[in-house]
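The structure appears below as C-alpha cells.
What follows draws every value from the coordinates through simple rules; no lab data is involved. All values derive from a computational prediction rather than experimental measurement. In this analysis, Cβ positions are derived from the backbone assuming ideal geometry, glycine residues included, and neighbour counts consider all displayed protein chains.
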Amino acid sequence: MKANIQYFLHHLIVQDYILFGVAFVLFVLFLILALVLRRSLFASLLFLFLSFTSLLGLPTFGYKTMHTYLFAHKIDITTLKALEFTNALIIKGELSNESKRNFKECKIEVGLYKVANNALLDMLYPLNPFKKQSIIELDIDRNSTVEYKIVVENFNYNKDYNVSVKAACQ
C-alpha cells in the first residue's frame, strides 16, 4: 500500500495539483457560505453537502476523467498461452498511445481471476484477482504502438479463469 501511495504521489502532474487546489478552495468557499447562511437551515445544509461533495467527489472523478482524456490509450491481449511443462502463463499484447502526448512510462497490470456461474461472484472476482503481475514500458511516442509480454510464473490453476489487463500511463 505504501508503494502504491508513493507511486501515485510521484506521478502527479501540474493539472492534478490545480484540480486538488480548486477542490479545496471550493470546499472552503461552500463551508463559509454554509456558516454565513446558518439561519436558513435548507441553504446551510445544501452548502455543507456541496462542500464535502466538492472535497471528496471533485478530486476523485476529476482525476479519473482528466487522466482518461490526457493519457488516452488502448490495450489489447493478442496471445494467451499456458505452458505445459512449466507452471507459467505467457500474455502478449499491444499498447497503443492515442493521446496527444508522449508517454514517459506505462505500468501494465495483468490480473487473473476465477470464473463462477454466479452473477454476483462474477462481479466480485475481478476486484480481487488470485494472481497479479505488472511491467513498466518506457518512452512510448504518440500515435505509436508497442508490444508487451508478461510472464506469470508459478501459475498452476487448472479451473476456468479470466484475464484482465489495464494500463496506467504518464
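Observations on the structure shown:
- Size estimate for the chain follows the Kirkwood approach: the inverse of mean 1/r over distinct Cα pairs works out to 19.2 Å.
- Above-threshold pairs, the threshold being 30 Å between Cα atoms, out of Lys100/Lys159; Lys2/Lys149; Lys100/Lys131: Lys100/Lys159; Lys100/Lys131
- Distance from region 63-81 to region 117-165 (C-alpha centre basis), Å: 13 Å
- Build a GNM of the chain with springs between Cα atoms under 10 Å apart, and of Val151, Val14, Val28 the one that fluctuates most is Val14.
- For region 73-169, the convex hull spanned by the alpha carbon atoms encloses 97 Å³ per residue.
- Stokes-Einstein D in µm²/s, Kirkwood radius over Cα pairs - region 2-70 at 4 °C with 1.567 mPa s viscosity: 98 µm²/s
- From least to most packed, judged by other beta carbons within 10 angstrom and beginning with the fewest, Ile136, Ile13 follow the order Ile136, Ile13.
- Bridging of Lys114 to aspartates and glutamates at a Cα separation below 15 Å is possible for Asp122, Asp160, once same-chain residues fewer than 8 apart are set aside.
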